[in-house]
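**Student:** This is the structure, below, for whatever I ask next.
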Amino acid sequence: MQIYVLQRAISYKIFMLVAFGFFALVMYQGHLKNELIYTILFIVFVALCSFEIVSIFYCLFVKRTLHFNINDKEVSWEFFDNKRLLKRVNIDKSSIKEVKSEVNYLTGNIYSRFTVTFILEDDSQIELTDGFLYSFGLKKAENISRYMLKNGLGNPQDIKFSKLIEELNIDIFQQQKFTKEEKDSYYMGVISKNKKEFLSLRLQIESLYKDYKIVEKNANNEYLVRNENKKESFIYLRSNAFGYFVEFYKVKRKEDLKMLKEMGRQKIGF
């Protein structure tokens, strides 16, 4: 069982209180002129300020913890506010069709919300999330994602990477690059905290493999391209809680993709 103490995120709440307070003052000026829309917005922002004030005091006195457990038969978790049970969820592992996890940001790099969505065979969904009052924080979110992947829950490509790390006994806290060849696939893993590694690896793939022009997936954490002459052959790059994983499937020419530190750089630029 994994136990996580959620962060109170008081500084973020104070920031939002100040922002809502500023907007409330602006709307109040319109309210004094008897403009109905400004009156409505003023009431809304006052309500938001009240919510932030209440949440600050609540979080100051209440510690929220998550007890998260995965075994052979089920996934379960419990939320406790101090010692009071807030919520309990049990999911039969055989009923899980898909698992998605994501971290959402509000502005810039200010951490906002971590959510794991369990999609069941009947297409219903169950969410594990830190909500609005508390925050897992990026480090705990990564630990939860790693724990699930080690237990076979998550994106199939990420699970494959997790198994490779375990098989090769890779230290995930040490920046490094490693490879393995297996039948038709050639794997390359990169352990790095540099968020620019994904872009660097993608640009290297684009530059070195000119005949892989069919873009099947292109998102902020995955890039999948196929050979225009041999469509079963592909190069698949994904980032996850462990690092960066590249699979070359039925690719004859294996180019040496480099980490940013191997190139003596910390960022992408000209």
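The values are calculated or read from the model by the stated rules, or taken from the named source; none is laboratory data. What you see is a predicted model, and the numbers here were worked out from it, not measured in a lab. Quick reminder, even Gly has a Cβ in these numbers, built from the backbone with ideal geometry, and neighbours come from all protein chains shown. Protein only, heavy atoms only, side chains kept; ligands, DNA and RNA dropped before computing areas. Shrake-Rupley method; radii C 1.70, N 1.55, O 1.52, S 1.80 Å.
**Student:** Magnitude of the Cβ-charge dipole of the chain, K/R +1 and D/E -1, about the Cα centre, nearest 20 debye?
**Tutor:** Its charge dipole is roughly 720 debye.
**Student:** For the pairs Lys180/Lys231; Lys150/Lys193; Lys150/Lys180; Lys13/Lys83; Lys97/Lys160; Lys83/Lys150, note any where the Cα-Cα span goes beyond 27 Å.
**Tutor:** Lys83/Lys150
**Student:** Separate question: Got a sec? Charge dipole of the chain, +1 on Cβ for Lys and Arg, -1 for Asp and Glu; which of Thr65, Tyr236, Leu199 is way out at the positive end?
**Tutor:** Leu199
**Student:** What is the sum of charges, Lys and Arg at +1 and Asp and Glu at -1, for the other residues whose Cβ falls under 12 Å from the Cβ of Asn82?
**Tutor:** Neighbour charge sum, excluding Asn82 itself: +3.
**Student:** Roughly how many percent of the accessible protein surface of the stretch 21-84 is carbon and sulfur, given a 1.4 Å probe and a whole-percent answer?
**Tutor:** 69 percent
**Student:** Starting from the Kirkwood radius over alpha-carbon pairs of the stretch 169-262, derive D by Stokes-Einstein at 25 °C in a medium of 0.890 mPa s and give it in µm² s⁻¹.
**Tutor:** Stokes-Einstein gives a translational diffusion coefficient of 182 µm²/s.
**Student:** Among 242-251, 14-23, how do they line up from the highest to the lowest mean number of other beta-carbon atoms within 10 Å?
**Tutor:** In decreasing order of mean packing, 242-251, 14-23 become 242-251, 14-23.
**Student:** Please work out the average accessible area per residue across the stretch 1-93, using the 1.4 Å probe convention, and give it in Å².
**Tutor:** With all protein chains present, the stretch 1-93 gives 65 Å² per residue.
**Student:** Counting only heavy atoms of the protein chains, get the accessible area per residue of the stretch 169-262 (1.4 Å probe) and round it to a whole Å² value.
**Tutor:** The answer is 53 Å² per residue.
**Student:** Determine the relative contact order of the chain: mean sequence separation of Cα pairs under 8 Å and six or more apart, normalised by residue count, in whole percent.
**Tutor:** Reported as a whole number, the value is 12 percent.
**Student:** Grab every C-alpha pair in the chain, bin the distances at 10 angstrom width from 0 up to the longest one, and report whole percents.
**Tutor:** Histogramming the chain at 10 Å steps yields 6, 22, 26, 22, 15, 7, 2, 0 percent.
**Student:** Starting at the first residue of the stretch 24-39, write each ³J(HN,Hα) from the Karplus equation 6.51 cos²θ - 1.76 cosθ + 1.60 with θ = phi - 60°, in whole Hz, x for Gly and Pro.
**Tutor:** Rounded to whole hertz, the list is 4, 5, 5, 5, 5, 4, x, 4, 5, 8, 6, 8, 4, 4, 5, 5.
**Student:** Turning to a different aspect of this structure: Tell me, how many Å apart are the Cα centres for the stretch 52-75 and for the stretch 212-255?
**Tutor:** The two parts, judged by their Cα centres, are 38 Å apart.
**Student:** Sticking with this one: How many nm is it between the label spots at Lys97 and Lys180, if each spot is 7 Å from the Cα in line with the beta carbon?
**Tutor:** 3.1 nm
**Student:** Net charge within 13 Å of Gly137 by Cβ-Cβ distance, Lys/Arg positive one each and Asp/Glu negative one each, not counting Gly137 itself?
**Tutor:** The answer is +3.
**Student:** What whole-number value in cubic angstrom gives the convex hull volume per residue for the C-alpha atoms of the stretch 1-70?
**Tutor:** Convex hull of Cα atoms, per residue: 84 Å³.
**Student:** Quantify, in whole percent, the carbon and sulfur part of the accessible surface of the stretch 169-262 (1.4 Å probe; protein heavy atoms only).
**Tutor:** 44 percent
**Student:** Next up: Kindly provide the helix-only [θ] at 222 nm of the chain, computed as the sum of -39,500 (n - 2.57) over DSSP H runs of four or more divided by all residues, to the nearest 500 deg cm²/dmol?
**Tutor:** Result for the chain, helices only: -11000 deg cm²/dmol.
**Student:** Taking the convex hull of the alpha carbon atoms in the stretch 1-150, what volume per residue do you get, in Å³?
**Tutor:** Cα convex hull per residue, to the nearest whole number: 135 Å³.
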